[in-house]
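Enquirer: This structure is in structure tokens; I'll ask about it shortly.
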């Protein structure tokens, strides 16, 4: 049974009176949390003017001044990234801009699960021996308390530009540029890691090169594009600044002239570049990439090198898909289904597939999920996934005394733990989930449509303004009356504005 999704009618009435748009189309926008005239206008027509000023990011000025000093004094700077597309693209952006500013800069991304998440002292000491002065951490660092303290003792300053959740305190870095800080006045918390870097760099080039946002956008199109794909890959909600970044970034693709573009075009085989096609055809390839080579792929001027790296990523992707299938089969056999959480622990699970497996299990069973496997003789790592209602990060925080490290988001996070503490940790999180989590019964699932909208050219033109689709802005579910042989249709649209029938009533 399909029902019209309920809204606050009084709130909607006020919105209707403020803007001249068809009521049923406006209803779709309202359900995407556009409750004021200015919200609707920014949603429908994303523009550079709708981006918030970077100067209000926390520690913005501290970060700018320290980087300016490093450039002036020719200090050695290292961009320390994270091995996913969000972290890779963030590393590329920072490296590219600092190169333009004539900085002595290099980059490094530790191999995920083989190295500690974020900053690790073993690698840091090696870089210090080579004369390192400043580390800029991107898409990581907010939880590296001890490591940043030790870096300071070594004489290495650290700047953190990140978007992960702040736990209880902040590490003692030179600057922590993170809109999720408790003292942050930045209006939008949901930027991706590369999104925070992008905003910070807009400010950096403005301060050091006197370049406006419009000039930055026109001469650095590939960086806007990389910010868009990193944002899509991190599955942050495509609303407000994220929507602007992705909308405008995707449009730059046609005008990019970089070697990496050729590999992307070959995979798309004539298909339009949009969020859906990126997630289906390209994200699985980048998801299994090696971080440092990922950066090389995007920065190289050599077409042959870019093609060779991409071919390696494709090979790794095929292997990953095989491992993911096998890991999911193992997880289904070994899972512990408690009342409010699923826990999987098995040494045979492929480390690079833990997040995928956790995502598939929560999708199937609608329960927060933790998937754990062996990293080495002394250490296990886990990936966690949850829903909007329950913070899986909160459960980790309650049990931090068992963990080597942890961090991430409310809905997706990870940790590492010694083998000797693992069993008691699993017992404890199952008990804590029982007390903390709230699981909604889903037996009588109701199906909702958002508006009644006739299928015609005028309405299709309006609907074409809704993409890019993603988290926070899914394709709309609509109802058309008497649309097929006198029967009503439930339908949606894809990113190319094709009608897709979901049900005939």
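Enquirer: Which length gain, in nm to one decimal place, applies between residue 496 and residue 35 when the Cα-Cα distance is subtracted from 0.36 nm times their residue separation?
Expert: Extending this stretch completely gives an extra 163.3 nm.
Enquirer: Would you mind ranking 142, 231, 492 so that the residue whose beta carbon has the fewest other beta carbons within 10 Å leads the list?
Expert: The order, fewest Cβ neighbours first, is 492, 142, 231.
Enquirer: Follow-up. Quick check: from the Cα gyration tensor, does segment 1-52 come out rounded (a/c under 1.5), prolate or oblate?
Expert: The shape class here is prolate.
Enquirer: Considering Cα pairs under 8 angstrom that are at least six residues apart, work out the relative contact order of the chain and quote it in whole percent.
Expert: 14 percent
Enquirer: What's the ranking of 282-290, 296-304 by average number of surrounding C-beta atoms within 10 Å, highest first?
Expert: 282-290, 296-304
Enquirer: Further, regarding this structure: Order 239-245, 31-37, 224-230, 130-136 from most to least packed using the mean count of other Cβ atoms within 10 Å.
Expert: For the peptides 239-245, 31-37, 224-230, 130-136, the packing ranking is 224-230, 239-245, 130-136, 31-37.
Enquirer: Can you grab the distance from the C-alpha centre of segment 365-423 to the C-alpha centre of segment 124-160, Å, no decimals?
Expert: First find each Cα centre; the distance between them is then 25 Å.
Enquirer: Distance between the C-alpha centers of segment 453-472 and segment 32-73? Whole Å please.
Expert: Segment 453-472 and segment 32-73 have Cα centres separated by 28 Å.
Enquirer: Give, in whole angstrom and from largest to smallest, the semi-axes √(5λ) of the equivalent ellipsoid of segment 1-116, with λ running over the eigenvalues of the Cα gyration tensor.
Expert: 45, 20, 11
Enquirer: Where does segment 54-211 land on Rg(C-alpha)/(2.2 N^0.38 Å)?
Expert: 0.94
Enquirer: What share of the DSSP beta bridges in the chain is antiparallel, in percent to the nearest 5?
Expert: 50 percent
Enquirer: What is the packing order of peptides 362-374, 174-186, 191-203, 209-221, taking the mean over residues of other C-beta atoms within 10 Å and listing the highest first?
Expert: Sorting 362-374, 174-186, 191-203, 209-221 by mean packing, highest first, produces 191-203, 362-374, 174-186, 209-221.
Enquirer: Across 5 Å bins from 0, what is the distribution of all Cα-Cα pair distances for segment 335-436, in whole percents?
Expert: 2, 15, 28, 29, 20, 6, 1, 0
Enquirer: Per the Kirkwood definition applied to all pairs of different Cα atoms, how many angstroms is the hydrodynamic radius of segment 306-376?
Expert: Final number for the Kirkwood radius of segment 306-376 is 12.9 Å.
Enquirer: What is the mean projected area of the alpha carbon convex hull for the chain, to one decimal in square nanometres?
Expert: Computed as one quarter of the Cα hull surface, the answer is 25.2 nm².
Enquirer: Still on this model: Per residue of the chain, what 222 nm ellipticity follows from adding -39500 (n - 2.57) for every DSSP H run with n ≥ 4, rounded to the nearest 500?
Expert: -13500 deg cm²/dmol
Enquirer: Counting residues in segment 374-505 as N, plug N into 2.2 N^0.38 Å and put the Cα Rg over that result.
Expert: Taking the Cα Rg and dividing by 2.2 N^0.38 Å, one obtains 1.62.
Enquirer: Return the Rg/Rh ratio of segment 94-158 with Cα-based radii and a Kirkwood Rh.
Expert: 0.95
Enquirer: Over segment 335-436, what relative contact order in percent results from Cα pairs under 8 Å that are six or more residues apart?
Expert: Relative CO of segment 335-436 lands at 24 percent.
Enquirer: How do 477, 500 rank when sorted from fewest to most other Cβ atoms within 10 Å of their own Cβ?
Expert: 500, 477
Enquirer: Suppose we keep just the alpha-carbon trace of segment 167-231; what are its Rg and Dmax in angstrom?
Expert: For segment 167-231, the Cα-based Rg and Dmax read 13.5, 40 Å.
The numbers here are math on the coordinates, done by the rules we state, and not lab data. Small disclaimer: the values here were computed from a predicted structure and weren't measured. Methodologically, a virtual Cβ is constructed for each residue, glycine included, from the backbone with ideal geometry; neighbour enumeration extends over all protein chains shown.
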